[in-house]
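The values are calculated or read from the model by the stated rules, or taken from the named source; none is laboratory data. Predicted model, so just to flag it, every value in this text is computed and none were measured. Cβ placement follows ideal geometry from the backbone for every residue including glycine, while neighbour counts extend to all protein chains displayed. To get the accessible areas, we keep the full protein, side chains included, count just its heavy atoms, and leave off ligands, DNA and RNA. Shrake-Rupley method; radii C 1.70, N 1.55, O 1.52, S 1.80 Å.
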Amino acid sequence: MFTTVPDLEKILEEESILTHFQPQVSLKRKAVIGLEALSRGFDPESGEIVPPTLLFGQARDAASRLALDRVCRTKAVEAFAPLHRKDKSVMLSMNIDASCITEATRGSNHLLKLIKRCGVSPNNVIIEIIESRCDDENALMEFVRFYRKKNFLIALDDVGAGFSNLDRIPMIQPDVIKLDRSLISGVDKHFHKLEVVRSFVQMSNRIGSLVLAEGVETSGEAMCLLGNGVDVFQGFFFARPAPGLDAVPGMAEKVHALAEKHREQRTRHFAEEKRVFKNYDLLMLTMCHSLADTPSRGIDKALTRFIDTYPSVECLYVLDMKGRQVSDTLCNPSKLKKSRRFLYEPARLGADHSLKEYFLPVQAGLEKFTTEPYISLASGNLCITIAHVFYHKASGRHLILCSDMSREDACACYL
């Protein structure tokens, strides 16, 4: 491991830069669709490898950053060119230091000239813009417009990282959105991370961008992401960076096995969900049947009895057909998050639910409706709400039983 401070000037003078490639994998296609070029320096005298953080950390001024960026770019394209001649379906993905894109440099066409010299098609090149660094937004936009017209693809890197500028998504309109590893790490175990990923996937589908997950290190992360709309992956789980295509051949079996495991797991998951929701339907019918014959003043007592009888129920309340709450909210006390009582508070008698997601479909004519999982404002837990219409004989009107069902025992990569 290189421990001394590298001589950046000498590295640049002798172009002592190595390019390694890390595959970008589509699980649905079961194929490598791209290679990200990752640069490492090496000491011209000792031959020791200089880690990227140490190498790029030495480029402290604009001139040295630009010089290093161009050497890395040149080495990457030159290393990719022979691979491109063998397989023209694989993309080259490489970082561009956005701080180097200024009014003085944006008209150089350095990258365009480089790929033409190396015989690489612009259609096969993805320019990754590091999202948190840019000194000249106007120059950046001119750069993006120019290279997009030349048929390059544009990616935003490190999206979801601590300093990411989300306003660049509508500004640049990227072809690829690369989700940062800080968001991907442990996504299969963290509901909030998963919801952020799902939001990016939903947005990307609508604006026509491809989502790529960086830093995938476990099969659990990969299958969770695949089950929630992500198809392209990059990370140590699939392959570590390596020269040329050295990392690719041994990956095919792993990709195939993971795709098959995903198929089997999703099949089991849907079968289990079918069983769970069948039980929910039976439970709701049982409670509605009992409430139909319960006098109005006895509804709260009946809801309390249901809470005591059915452990999967977190909260129960009854609405009229205008969305007004006509009972109190009865909750399982063992499932309330007491530490957040100032935030999570069950609704009271008379509360207006007319704009709630579970009420509007029922008002439109559905007999029952089930929400997607969400964090309940009544309990602070992950749950779903099931709304079911029943006829209340004692009052001679239709009412709606709403039940918050616990989903804390479900896998984070739900549904």
Heavy-atom accessible surface of the chain: percent carbon and sulfur, 1.4 Å: 54
Rounded to the nearest 10 Å², the accessible area of residue 48 at probe 1.4 Å: 80
Separation in nanometres of the label points that stand 7 Å from Cα toward Cβ, at residue 377 and residue 149: 5.0
Exposure ranking of 128, 9 by accessible area [1.4 Å probe, largest first]: 9, 128
Correct option for P(r) over Cα pairs in 10 Å bins from 0, in percent [calculated from the coordinates] among (1) 5, 21, 27, 20, 13, 8, 4, 1, 0; (2) 4, 18, 23, 18, 13, 12, 8, 3, 1, 0; (3) 5, 20, 27, 26, 17, 6, 0: (2)
Packing-based ranking, highest mean first, of 51-63, 316-328 given that Cβ atoms within 10 Å are counted: 316-328, 51-63
Aspartates and glutamates with Cα under 18 Å of residue 254, excluding same-chain neighbours fewer than 8 positions away: 214, 217, 221, 231, 246, 264
Net +/- balance of residues flanking residue 184 in space, Cβ distance below 9 Å, scoring K and R +1, D and E -1: -2
Principal-axis tilt of helix 62-86 within the chain, Cα atoms, nearest 10 degrees: 90
Mean Cα-pair separation over length for the chain, i.e. relative contact order, pairs under 8 Å, 6 or more apart, %: 12
Residues of segment 138-181: accessible area per residue with a 1.4 Å probe, Å²: 46
Label-point separation, residue 364 to residue 121 (7 Å along Cα→Cβ), nm: 4.4
Area of residue 269 that stays accessible when all protein chains are in place (1.4 Å probe, Å², to 10): 40
Reciprocal of mean inverse Cα separation for segment 52-146 (Kirkwood radius, Å): 14.1
Solvent exposure ordering (accessible area, 1.4 Å, most first) of 89, 290: 89, 290
Share antiparallel - DSSP beta bridges, the chain, percent rounded to 5: 65
Kirkwood Rh in Å, taken over all unlike Cα pairs in segment 157-285: 16.4
Per residue, in Å², the accessible surface of segment 191-257 once ligands and nucleic acids are set aside, probe 1.4 Å: 44
Partners for residue 322 among lysines (Cα-Cα distance below 27 Å; same-chain residues under 8 apart left out): 301, 356, 368, 393
Potential lengthening between residue 167 and residue 14 on full extension [0.36 nm per residue; Cα-Cα distance subtracted]: 51.2 nm
Gaussian network model of the chain, springs between alpha carbon atoms under 10 Å - residue of 65, 348, 40 with greatest fluctuation: 348
